[in-house]
Amino acid sequence: MLEEIGVPYELTVMTRDERKSAEHISRHPLGRVPVIELDDGRLLFESAAICIQLADLHPEAGLIPPVGSPERGLVYQWSLPEASASTPSETSPGLSSPACLPARVRGARGTNNSA
């Protein structure tokens, strides 16, 4: 994405052990990559957040539709499932209350349900 934007950057390749270091944990509390340091020194992690932020900071690159447009909604639709991939599913303990489930699945039975 940085190539598309056309801004200079420095790439740092890390080993698994380096990702567990205190220095890296200070950049990303879960010790994951990617992490990006912005021009003002702020750190940002998680791929979708990085991509959306970079696109917003460089609108001249034309990589993201305007805020509020229907097309921008599609960006969120296809970017944010990554964030929910690590959250508990609807069948996890603690989320069994019908109030925690989307309305369309309350009381629904799957085709493989023998009950």
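If every alpha-carbon in the stretch 2-87 counts as one equal scatterer, what log10 I(q)/I(0) does Debye give at q = 0.11, 0.21 1/Å? Those come out to -0.37, -1.12, one per q. Within the stretch 1-90, the chymotrypsin sites (Phe, Trp or Tyr not before Pro) that combine a DSSP coil assignment with at most 16 other C-beta atoms in a 10 angstrom radius are Y9. With each label modelled as a point 7 angstrom along the Cα→C-beta vector, the Y76-K20 pair spans 3.9 nm.
Put a plus charge on the Cβ of each Lys and Arg, a minus charge on the Cβ of each Asp and Glu, and nothing anywhere else: the dipole of the stretch 2-87 about its Cα centre is then about 420 debye. Distance between the pseudo-spin-label points of E10 and D40 (7 Å out from Cα toward the beta carbon): 2.1 nm.
Laboratory data are not the source of any read-out in this text; all were calculated from the coordinates shown. Note that the structure is predicted; figures quoted are calculated from it, not measured. As a convention, Cβ positions derive from the backbone with ideal geometry for all residues, glycine included, and neighbour counts pool all protein chains shown.
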